[in-house]
Each structure stands twice: as C-alpha cells, then as structure tokens.
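Novice: Quick one: this structure, given as structure tokens, is what I'll be asking you about.
The values are calculated or read from the model by the stated rules, or taken from the named source; none is laboratory data. Just so it is clear, the structure is predicted and the values come from calculations on it, not from any experiment. As a convention, Cβ positions derive from the backbone with ideal geometry for all residues, glycine included, and neighbour counts pool all protein chains shown.
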Amino acid sequence: MAIPYAQLIFTKGMPVLLASSVFYIDALSGVMIALVSFVGLVISIFSRRYMKGDANYYFFMALLIGLISCLLLMVTANHFLLMLPAWGLSNLLLARLMVHKKQWAASAFAGLYALRFFTLGFLCLAVAFWLLYWMTGSTTIQEALHLVKTDNVLTLVALSLMLVSAMCQSAIWPFHRWLISSINSPTPVSALMHAGLVNGGGFLLIRFAPLYLPHTSLLTIIFMFGVGTALIGALWKLMQNDIKRMLACSTVSQMGFMIAQCGLGLFPAAVAHLCWHGLFKANLFLGSSGSIKPIISDARSSRDWRSFIVSVFFGLIGSYLFSWASGLPWYSKNTILFLIGIAFIACTQFSLTILHQFSWKNTISTFFLTGMAGLLYGISVRLIEAMVSPLNLMAPQRINIFHIVGFSLLTISWVAMLANHHLPTGNLIERIKAVFYVRALNASQPHSKSITTNRNDYRF
Amino acid sequence: MTNHLNTKSLILQAWEKIAPCWPLKNIIAVNPLQGFETMPFEEAMNHGIAYFEQSNFPVEMQRINTESIKWFQAFFDEGQATITMPYRERGLYQSWRELARHDSQLHQKNRVNKNFLKNLSICSESVIETCLVNLQIQPKEKEQFLTLLLTSLPGWASFAKYKADWETNDNRLSTLKTDYLAVRIIITYLLWPNARTLLAWHETIKTEKISQDRITAMQSLELHYQQDILGKLQHSMEDRKEKKPKIQFAFCIDVRSEPVRSKIENKGCYETFGVAGFFCIPIRIKNTTSTECYDSCPVLLKSNHTIVESFHARHIRIVQGVKKLYQALKYTFTTSFALAETLGLLSGISMLFRTILPTKTTALKNKFINFSDTESPSTLSINDAVTIDTQCLYAKNLLAMMGLTENFSEIIVLCGHKSSTENNAYGSSLDCGACGGRSGDKNARIMATILNKPLVREYLTKEGIVIPDTTIFLAALHDTTTNTLSLCESINHDIQHLFDEATRNLSAQNSISKSADWAETRPEWGLARNASFIVAPRALTKDANLEGRSFLNSYDWEKDGDGSILESILLGPMVVGQWINSQYLFSLLNTIAYGSGSKITQNITGKIGIMQGNASDLMTGLPVQSLLLTDKAAYHQALRLSSIIMAPRHRIAVIIKTHPTLGNLVSNAWIHLICIDPEDNQRYRMMRNLDWQKIELGNV
C-alpha cells in the first residue's frame, strides 16, 4: 500500500492544492468545499435556534455536523476507499436525519425509502470503483483517470454504473421519487439535502468527466435523461399545491438541467448551476415556513403581439450580453448554443413581464433592464466557471438531433405557458388537459406510505 | 322528494360535529369541540376521543385518505399552484367529477369502476344517496356513517366547513358541504366497498373515556388559580378618581396588553382601558396595492363598511413589480434555470445575513421592502364608507364600552396591536383576534380620526359626553412581539415627546431579536397561559400582578344601568375569549389531534393551512412551539377560562339566562363564571345549575 504523501503539484498547468493517495484538492474540490462549508455553516447556525426545544436536539446537531464533515471528506477524497465510505455514510446520515422521529411511521418509511435508492446508488458506485481498480490496479481516482483505457467495454460498464449512482443521488427520473417523498424531514435537513446531497450526482459526473468525454453517445444519453427530468420536474413543480413538494419537484427539474449540462459536455456550467441552485434552494427551504402569500403573477398573462416581438429582440440582446459577460461565444456550432438559448428564453420572458403595455418609455427602460439581467446572469455563471477553468472540462459537443429535440421541448413548453390563454379551447382540448393533469398529479405524489393519512399517527 | 330532504338534513347534521378552521392569512381561534358545546365538558371530551383522537383506523382508510388529501389539496389551493385543477370554477364536486374518471388510483383500471365514475350523477346529493345504498348503510346508520367520513379526515373537513359557513361571498361554495361528502363517499365506495365496517369499528372504540384523573387535575389547577387571583383582586378598589392622567390609553382586551398597561401605569400618571381591539367599528378593508379585501372586526360580527386603503409611496409599486418579475421567471418552464443561477449569490448572502445578523437584516428589509411607513401612512377612505351620523354612533358606543365618558386627558391613545415575526406561518394567530386575525392599526386610526371630528364632538356633547377641545385622540400600534408602542401617524414634537415618555423601554432585551429572526420558532408566546377574563374597572386589577394571563375588559357597572353594555361584553369579547382559551386548552391536551404538532416538519399547503411532512390531514390548532417550552415541558397550562365579572349578580344572572349560548357555556362547564358583587362585596360562583354559590376566600 502506498504511503500517503502530500505535496503541491502542478500538472498540465492545473493548480492542485493537495494531492495524496488519500486526498485530492483541486479547483472542483475547492468550489465544493466552499459550497458545503458555507451551506453547512448557515444551516447549523439556523438549526441551533430552529430546533431548540426538540427532544432530539443534541442528536440532531451531532448528526448534522457529522453529515457536513462526511460531505467534506467526500468532495476531497482521492482514494476509492475513502470516497466510497464517505459517499455511503453521508447518505446513511442523511436518511437518519430525514427520519428525525422514528415513532412517526410515515417519516420512518420515507427514510427507508430514500435509503433504497441510496443503496442502489452505493452498490453501483462500489462496483464501478472496483472495475476501475481491476482494470488499472490503481486505488485512487486521479490515477485511475489517467490510466483507464477509455475504449474498453468494461470502462463503459463502469461509467454506466456510475451514471446510475449519480442519477439516484441527484433524483433524476426514474430515480426521483425518494426526493418527492422526503418532505417529512425537518426543514433544515431539506435545505441541506437540496443544497448539498443531491448535488452529489453532478459532482460524481464532473469528477469523472475525462472518462465520459470520449463516449459521446453516453453523453447524449445523459443529456436525454437530464432534459426529460428537467421538463417533467418543471411540470410537476407548477402543479404542486404545497410549498415544500413544489420546491422538491423544482429541485428534480433543476438537477435534470444540471445533468443535461453534463451531457452537453459543459461541465463547468454544471458546476455553476449546482452551486447557485444549491444556495437558491437552501434559502427557499429555510424560508418556507413564512410562505403564505399567494403567488401574484404567472408568466401567462396575455399581452399584445408587439411587446412579444420587441421582447424577442431584447431577448437576443440579453443573450448576447450574457455571452459577453460569461465569456462564452454567442454563436457556435456546438452545444454552447444550448446555454445561449436558455439565456435568450429567460431574457425574453424577463422583458415580456416588464413590458405590460407597449410604449416607448416602457420599451427603453425594458431594454436597459433586460440587458442588465443578461449581464448579471453572465457574470454569475462566469464567477464559477473561472474558478474551475483550470480543470479544462469545457468540452462542448457537436450538436446532434437529440440536442435539438431537447431544446425544442424546453422552448415549446415555455411558449405553451405563455400562449395558454390564446390556445383554442374546446371540449376535446379541455379533456386532454384534464387527462394530463390527473396523470401528472398522480405521478408527482409522494410514496403513499410516506403520507400521514391519519393525523393521530404523526409524532414529534 | 322526502328522501331528498332527508339526505340534505342528514348531511347538515353530520357537519354539525365539525368545527371550522380559518386559513393561515387570518387564523381565528376556535374550540375544536365546538360541535359538542351543547354537551357537558366531560362528555364532549369523550366524544372528542372517539371522533378525533383515534390512531388505529381500519387500514383501508389509509388509501381513501391518501386520495382524498390529494384532491382536497388541489381544490382548496389558494395561490400555490400555477397550473391549477381544471374546471375548479365549477365547484368541488362538479370539477372533481370531470377529473376522477381519469384517475387510475381511483378506478384502478377496473371497467366497472370506470363506468361508475363516468356515469356519476350531476347532483352530488343523489350520488351520496346512491353510495349509501351501495354500501348497504341502514337508514338509521346513515348520519353516523356520514359523520365518520368527516371525522376520519377532520382537518380538511374543518377547512371545508370554514369555506361553506364563513366565506359566504362565493357561489361555488353553496353546495360545498354536500360536494365534500360526495367526494369522500365515492372514494370510499371505490376503494373499500365494505366500508360499513367503519360503523362497527367506531362502536368498539366508543367506549374509551377520558380518565377522571385528568379532569380532576384540571379542576384542581383551576381552583388553585381562582383562589390566587381572587386573593390578588381583594385589596385595591379604594383610590378611585385621582388627578387627571397625562395620557389615557385604550388597549385591546388581549392578555398581552395587561403587562404593558401595568408598565405604563407604573411610569406615572397614566390611565389605561381595555376594550375589544376593533374599537367597536366593524369594517372591511380593501387594500389597493395587494387588491386584498378583508374584514377587520370580530368574526361574529358582520362588517358594514368597506374602507379603501391606498398607499402613496412609489417604492411599493417597484417592490411589487420586482416580485412579479421574480415569480414570472420562477413559475414557468425553462426560465427558472436561469433564475436560480442568477440569484444564487444573492440568495446565499441573504441566507447568511438573515441567520447571523437577523435583527439588522430584518430592519433593512422592513425599510426597503415592507410597506410600513409612518412618514407617509396609507389613506383610509372613512367618509366614503361611513356616514357622519353612523360615525357619531360608533364614537359614542366606543366611549360607553370603555367606560370613558368623563375626566378626559389631553391625549387619548387608541392602541391597536399586531405581531411582527419572520418566517412564521402562524403570524396571523398572533395578530388581533378582534380584528379578524389582522393588525389592529386601521381600526385605531379610523376611530381616532372620527373622535377628533368637530361634528362628532358636537354630537357627543349633546349626548352628555363632553370632550374638552384640547383633547386629541391618537392611534398607535402595539407590537406584541417586541412589546413596543409606536404612533401610526407622525405628530407634533411635543406630543410625540409625551408619548415617548410613557412608552419607552417596555420591551425585554431579547424580544426584538426574536421578532426579527427567521430561525426562531418561538418568537412570542402569544396568548399562552391565558386563564381568566376580567370584566371590571381597572382599579380592581391595577395593583395585582396578573402575569399576563388575563383578558381585561373595562367595565363600570354603575354607568351601565340597564346592563346592555355588560350583555354585549359577555356575548362578544367573552365568547371570543372562550374560543381562544379552548384553542389553547385543547391544543395542549392533545398536541396532535387538536394542535398541529411541531413546526419543524410543517408544510404549508395551498397557502391556507398546515400539513405535516409530505402530505397529511390538515393540522388545525396551534403548534407545539406556541404551547411548550420544549418537546417535554409545557409553557401553557390547561385551564378553562375563569370569567370574573364585577357587577351585581342578579344582573349577570339575567343575561346568562336570557342567552342560551352563554347559559350553555356555564351549565356545561366550558367556562367558570365568578361574580364580584359590588353591592355586598362578596364573591360568588355560578354553579352548573346557574345558581350562585358564595365563595369563601382561602377556601375557593
């Protein structure tokens, strides 16, 4: 067995803070450490007051701190035998935190239910690691990354297993249901889960990105699962009637988007999404107890066609400013176009919302605001991308038909929401809507055993 | 036809057992056993155990409830979902009927079930009849069966009851009670054809009774409390009219007013009064910015006047616009990915500062985002809504109710109250119950304006209430979380100075940080530990340390010759006091069946109510954090309300006996009624047979 060593090394111009047979800290680990510590710290301080008076207070805090430490180990691990236990233990701790009060049967079930997915993920990961070890004889991730022959069938098997593991962790369809059924958890646990644990899948794919990149068809499969989940998660989110399940479905959708970015070969963009979404969602969860004001607007209010055309134009400008600020090319023949497209849709929606009525004064202010929004978005993405740029993981793919279909679906669904009021009505259409509604409603329900059907079965 | 009538009345009978549950935007305290109030307390408790506290339902109920919850969540949503339940505007049964046929969880792909759902009658009542027959429920069991369908999912039923009985401005809701039962019974019929068993099951658990020990323990606590408080109230009452007070304050009768009143009085020559916090003007407020319209008066009253509240500040429109923009990007497809990425950093910063510097962050937030602003308060359109004659009547009525008809100070402050908490679904339960679970500042402002009008003063003078020209009425807001008082509108420097002198340093050190903290689950104790309702002049209670456990309603029996003021106090505020008291009482007695469990796992559904975790029956009542210090140690005490009235006992007896609602409360022991008779200076207890029994102090 190799003796652990620690030193500062530079390979391929990539600064690595620490490389040993046990730990490996590069830019990716650095970003993850920052995210986990920040979120972990805020949630711990929050919980100190929020959980006060709870019978399991000390147990809870101990588990919470244990979980955060475990996550830190996981993102810095290099040795397979550190990464794997850290991965498993953090999920085990999460499941225990989710249960919180064992006497509450629905909650105990939800924990066990999540654990099923985690176990599957863990086993896949274990086998994948074993395969990598078996093929290369190396016990560390970094060494394996260099030694593995990518055109090997076994490598493909290992990568696919790792993909399943990542999908379980990030609640990607069809492994999403544990997350939708996880709301029996105390609020801070949900926050940590949605800001930290679910990102594990993305982290895994990014860590092993060099192995995935040569397998373009595997990347396309990843993309399709991602986009599918992004769409269906968004639909469920819009239909939910309670705040926390809405947030959970939203996470499913966002994770889908993040995984899709991985599938496009845009790993740094995925890191950016993972970080910013983590903070965004943790904040929403922690503040979910105060969310009693009705939603005041939706994107569907009808507008005249002139503001739509102007908005499309502003959307183009916004997306251009986004590309300028983020340092990505505005027009390219590769998958970066996908990101620009998302920025374009977002800026168009932004402009449309401000531009209630078409007037010159309104239009000028909308122009500036939309431009600002595009810039902000670009800067935000660039902040993280710059940090992980030494990893050289920006590997945009050539656009294929699946990418086009994926993007079209994202666009169509958005347009459909906008045009909802202008769509033709009629019995048949109403009927179809009804069928879809019921199907989607049923599909987005938590597992029935994780529901407290008789409130007297609830325990605190 | 007779059959139809019969079913209708059965349905209504079944609903009688259910207490309404108000939505989160204005939580009103109710007795969860309201449906059993015509029974003696102990008996009602037993019924409560049988109907609401059972945990071992037949297993089939699980699936029935799962499906019911799913559909009720969708139908009763008031602003969470963007894609809402189709056909919802047609009412519960009609919309559900259109959708249920597609629900594979209900028909389970079984052809017979599919046909049954497809051919459901358009009339919810006849569907109930059909299902009752199909389920082989005997005619005399029908009412009980329907009742069990409600009480086996009591939370959602409570909310439906609220919608049907208390939100009467919506036509869709006229058939809600029938619709609700129709949905329940169809789901039951499909998933458990043998649901008859439910009746037998209920018979087996019905025998369970509340332990006599618990009742005895409660009684001894109550006696002990009464002994103590009557002892405290024995002394005072001597010094009546001294010199003219510098400021007179009118507070709400809320128990949280009492400690503040004592503190102010101890500062110097100040006089305080207790009166229902809507200041006797039943209004409805229409907010032009949020377009919300709500009643600002006790729910037992009907608001007659719609006051339009409009704001001037430009920044409110901007804040509203930003919010709209945010939601437009969040609640649609695709753009939410960009939104999360753009706002991530901001979210992180906000989350950090709200957690480590809550007080400063919230102060900043209130300054820029919230609408509270004393420099440019909102405009309230009083004259459009209330005629000057009516204004005069309200003014006279208020002063009479307060017992303030002479000896006016130069400054009289009407103090509405509100709470200020962060990240708290139960915020409105801490607001003014007399204002329908809202902030009381508007009522205070309106009454102050009315009382300052020369025309009103003229009228009052004619009625024998002479207010000096130098007297000015002001409106203030008492923040019960931070225990601070502030004037609602800016006023000249001298008066502000006098006001500050009286109201400085009322709050405890940590209350402000608790109020601002989004991680705080116990921002304030609200009305916890409430125990008594005292109707008497302030002189009686002034020197007693009441520990913030008493509702204080000012009342001077000598100024109320015909007893009409006492009558309205007992019918209004005291009944509300009893609602509040029973909400706390039962929420504590069973923190799950009547309370709503711990806040840490709560989930807000439809912006209207609380579920526990993934999905559950609606949790009505108060969370444990409003009742308990820790999961194991109680803060509130389980006591029934002791109503202590200083008035001749024959006058009280007449009122109690005339009104069956009041008679019921006393004879069924929902409250204790104690009289301090000023004529012979003795204390009497009204027994269950409504006779008086003399209380020997030290031997209550």
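Novice: Among B:386, B:308, B:319, which is surrounded by 15 or more Cβ atoms within 10 Å (Cβ to Cβ) and assigned by TED's automatic domain parsing to the domain that holds residue B:269?
Specialist: After applying the criteria, what remains is B:386.
Novice: When you go through A:247, A:264 one by one, which is the residue that is in contact with a helix residue (DSSP H, G or I) (Cβ under 8 Å, 6 or more places away or on another chain) and either over 28 Å from residue B:350 (Cα atoms) or at the interface with chain B (Cβ under 7 Å from one of its Cβ atoms) (or both)?
Specialist: Result of the check over A:247, A:264: A:264.
Novice: Looking at region A:197-225 only, could you name the residues that are touching a residue at least 60 places away in the same chain (Cβ under 8 Å) and within 14 Å of chain B (Cβ to nearest Cβ)?
Specialist: Residues satisfying the conditions are A:199, A:202.
Novice: In the set A:62, A:86, which member is aliphatic (A, V, I, L, M), within 30 Å of residue B:358 (Cα to Cα), modelled with pLDDT of 95 or more and assigned to a helix (DSSP H, G or I)?
Specialist: Exactly one residue qualifies, and that residue is A:62.
Novice: Let me ask you something else. Tell me, please, whether a residue that is more than 14 Å from chain A (Cβ to nearest Cβ), closer than 30 Å to residue B:671 by Cβ and in contact with a Lys or Arg (Cβ under 6 Å, 6 or more places away or on another chain) can be found in region B:32-47. Walk me through it before giving the result.
Specialist: Taking region B:32-47 first, the residues more than 14 Å from chain A (Cβ to nearest Cβ) are B:33-47.
Filter again for closer than 30 Å to residue B:671 by Cβ, leaving B:33-47.
Those left that are additionally in contact with a Lys or Arg (Cβ under 6 Å, 6 or more places away or on another chain): B:35, B:46.
Within region B:32-47 (the criterion being more than 14 Å from chain A (Cβ to nearest Cβ), closer than 30 Å to residue B:671 by Cβ and in contact with a Lys or Arg (Cβ under 6 Å, 6 or more places away or on another chain)), the answer is yes, since at least one residue qualifies.
Novice: Restricting attention to region B:667-683, which residues are buried (at least 20 other Cβ atoms within 10 Å of the Cβ) and without any contact (Cβ under 8 Å) to a residue 40 or more places away in the chain?
Specialist: Correct list: B:673, B:675, B:677.
Novice: Could I ask something else about it? Please find, within region A:431-448, the residue that is nearest to the chain's Cα centre (by Cα) out of those that are more than 7 Å from chain B (Cβ to nearest Cβ) and either aromatic (Phe, Trp, Tyr) or over 15 Å from residue A:246 (Cα atoms) (or both).
Specialist: Here the answer is A:447.
Novice: Restricting region B:115-137 to residues that are over 39 Å from the mean Cα position of the chain (by Cα), at negative phi and surrounded by fewer than 17 Cβ atoms within 10 Å (Cβ to Cβ), which is nearest to the other protein chains (Cβ to nearest Cβ)?
Specialist: Selected residue: B:118.
Novice: Here is a check on your reading of the model: is residue B:610 outside any loop (DSSP other than H, G, I, E, B), out of contact with any Phe, Trp or Tyr (no Cβ under 8 Å at 6 or more places or on another chain) and among the hydrophobic types (A, V, I, L, M, F, W, C)?
Specialist: Judged against the criteria, residue B:610 is a match.
Novice: Just to confirm my filter: which helices (runs of 4 or more DSSP H) fall fully inside region A:125-194 and include at least 3 residues that are within 14 Å of another protein chain (Cβ to nearest Cβ) and surrounded by 22 or more Cβ atoms within 10 Å (Cβ to Cβ)?
Specialist: Filter on region A:125-194 gives A:177-180.
Novice: Among the candidates B:407, B:452, B:423, B:397, which residue alone is outside the structural domain of residue B:551 (by TED's automatic domain parsing), at positive phi and surrounded by fewer than 19 Cβ atoms within 10 Å (Cβ to Cβ)? I'd like the intermediate steps shown before the answer.
Specialist: Details: B:452 fails: at positive phi; B:423 fails: surrounded by fewer than 19 Cβ atoms within 10 Å (Cβ to Cβ); B:397 fails: at positive phi.
Criteria check complete, one pass: B:407.
Novice: Give the residues of region B:620-634 that are of a type outside the set (A, V, I, L, M) and either more than 10 Å from chain A (Cβ to nearest Cβ) or surrounded by 21 or more Cβ atoms within 10 Å (Cβ to Cβ) (or both), sorted by residue number. Don't jump to the end; show me each part of the working.
Specialist: Filtering region B:620-634 for residues of a type outside the set (A, V, I, L, M) gives B:620-621, B:623, B:625-626, B:630-632.
B:620, B:621, B:623, B:625, B:626, listed by residue number.
Novice: Looking only at region B:612-619, decide whether some residue is touching a helix residue (DSSP H, G or I) at 6+ places or on another chain (Cβ under 8 Å), within 14 Å of another protein chain (Cβ to nearest Cβ), crowded, with 24+ Cβ neighbours inside 10 Å and free of Cβ contacts under 8 Å to residues at least 12 places away in the same chain. Before you say what the answer is, go through the steps one by one.
Specialist: Start the filter on region B:612-619 by keeping residues that are touching a helix residue (DSSP H, G or I) at 6+ places or on another chain (Cβ under 8 Å), which leaves B:612-619.
Those left that are additionally within 14 Å of another protein chain (Cβ to nearest Cβ): B:612-619.
Pick out the ones that are also crowded, with 24+ Cβ neighbours inside 10 Å and you get B:612-619.
Then drop every residue that is not free of Cβ contacts under 8 Å to residues at least 12 places away in the same chain, which leaves B:614.
Yes; the residues of region B:612-619 include at least one that is touching a helix residue (DSSP H, G or I) at 6+ places or on another chain (Cβ under 8 Å), within 14 Å of another protein chain (Cβ to nearest Cβ), crowded, with 24+ Cβ neighbours inside 10 Å and free of Cβ contacts under 8 Å to residues at least 12 places away in the same chain.
Novice: Also, quick follow-up: Just the residues that are among the acidic types (Asp, Glu) and at pLDDT 95 or above, please, taken from region B:609-654. Quick ask: steps written out before the conclusion?
Specialist: Of the residues in region B:609-654, the ones among the acidic types (Asp, Glu) are B:617, B:631.
Within region B:609-654, B:617 is the sole residue that qualifies.
Novice: If residue A:137 passes every condition in (1) on the phi > 0 side of the Ramachandran plot; (2) touching a Lys or Arg at 6+ places or on another chain (Cβ under 9 Å) but one, which one does it miss?
Specialist: Among (1) on the phi > 0 side of the Ramachandran plot; (2) touching a Lys or Arg at 6+ places or on another chain (Cβ under 9 Å), the lone unmet condition for residue A:137 is (2).
Novice: Regarding residue B:665, is this residue closer than 28 Å to residue B:163 by Cα and in contact with a His (Cβ under 8 Å, 6 or more places away or on another chain)? Steps first, answer last, please.
Specialist: On the way: closer than 28 Å to residue B:163 by Cα: yes; in contact with a His (Cβ under 8 Å, 6 or more places away or on another chain): no.
When the stated conditions are applied, residue B:665 does not pass them.
Novice: From the residues in region B:535-591 that are over 19 Å from residue B:270 (Cα atoms) and assigned to a strand (DSSP E or B), which one is farthest from the other protein chains (Cβ to nearest Cβ)?
Specialist: Per the stated criteria, the residue is B:535.
Novice: Would you pick out the residues in region B:83-114 that are under 17 Å from residue A:435 (Cβ atoms) and either away from chain A (no Cβ under 14 Å) or outside any helix (DSSP H, G or I) (or both)?
Specialist: Taking region B:83-114 and keeping what is under 17 Å from residue A:435 (Cβ atoms), we get B:83-88, B:95-109, B:113-114.
Hits for region B:83-114 are B:83, B:84, B:85, B:86, B:87, B:101, B:102, B:103, B:108, B:109, B:113.
Novice: Something else now. Just to check your reading of the model, which residue among A:410, A:369, A:376 is in a helix (DSSP H, G or I), among the aliphatic types (A, V, I, L, M), in contact with a Ser or Thr (Cβ under 7 Å, 6 or more places away or on another chain) and within 27 Å of residue B:318 (Cα to Cα)?
Specialist: The conditions single out A:376.
Novice: Here is a follow-up. Would you mind finding the one in A:153, A:127 that is out of contact with any His (no Cβ under 8 Å at 6 or more places or on another chain) and in contact (Cβ under 8 Å) with a residue 12 or more places away in the chain?
Specialist: Numbers: A:153 fails: in contact (Cβ under 8 Å) with a residue 12 or more places away in the chain.
Of the residues listed, the single one that is out of contact with any His (no Cβ under 8 Å at 6 or more places or on another chain) and in contact (Cβ under 8 Å) with a residue 12 or more places away in the chain is A:127.
Novice: On to the next question. I'm trying to understand the selection: among the residues of region A:413-430, which are within 12 Å of chain B (Cβ to nearest Cβ) and either surrounded by 11 or more Cβ atoms within 10 Å (Cβ to Cβ) or touching a residue at least 24 places away in the same chain (Cβ under 8 Å) (or both)? Quick ask: steps written out before the conclusion?
Specialist: Let us first name the residues in region A:413-430 that are within 12 Å of chain B (Cβ to nearest Cβ), namely A:413-420, A:425, A:427, A:429-430.
If the condition is that a residue be within 12 Å of chain B (Cβ to nearest Cβ) and either surrounded by 11 or more Cβ atoms within 10 Å (Cβ to Cβ) or touching a residue at least 24 places away in the same chain (Cβ under 8 Å) (or both), then A:413, A:414, A:415, A:416, A:417, A:418, A:419, A:420, A:429, A:430 are the ones that fit.
Novice: Assess whether residue B:339 counts as being within 12 Å of another protein chain (Cβ to nearest Cβ), crowded, with 23+ Cβ neighbours inside 10 Å and assigned to a helix (DSSP H, G or I).
Specialist: So residue B:339 passes the test.
Novice: So, one more: Residues that are in contact with an Asp or Glu (Cβ under 9 Å, 6 or more places away or on another chain), of a type in the set (Lys, Arg) and within 30 Å of residue B:321 (Cα to Cα): which strands (runs of 3 or more DSSP E) entirely in region B:197-298 hold 1 or more of them?
Specialist: Once the strands (runs of 3 or more DSSP E) in region B:197-298 are filtered for at least 1 residues that are in contact with an Asp or Glu (Cβ under 9 Å, 6 or more places away or on another chain), of a type in the set (Lys, Arg) and within 30 Å of residue B:321 (Cα to Cα), what remains is B:283-287.
Novice: Looking only at region A:36-47, count how many residues are within 19 Å of residue B:514 (Cβ to Cβ) and either out of contact with any helix residue (DSSP H, G or I) (no Cβ under 8 Å at 6 or more places or on another chain) or more than 8 Å from every other protein chain (Cβ to nearest Cβ) (or both).
Specialist: Within region A:36-47, residues that are within 19 Å of residue B:514 (Cβ to Cβ) and either out of contact with any helix residue (DSSP H, G or I) (no Cβ under 8 Å at 6 or more places or on another chain) or more than 8 Å from every other protein chain (Cβ to nearest Cβ) (or both) number 0.
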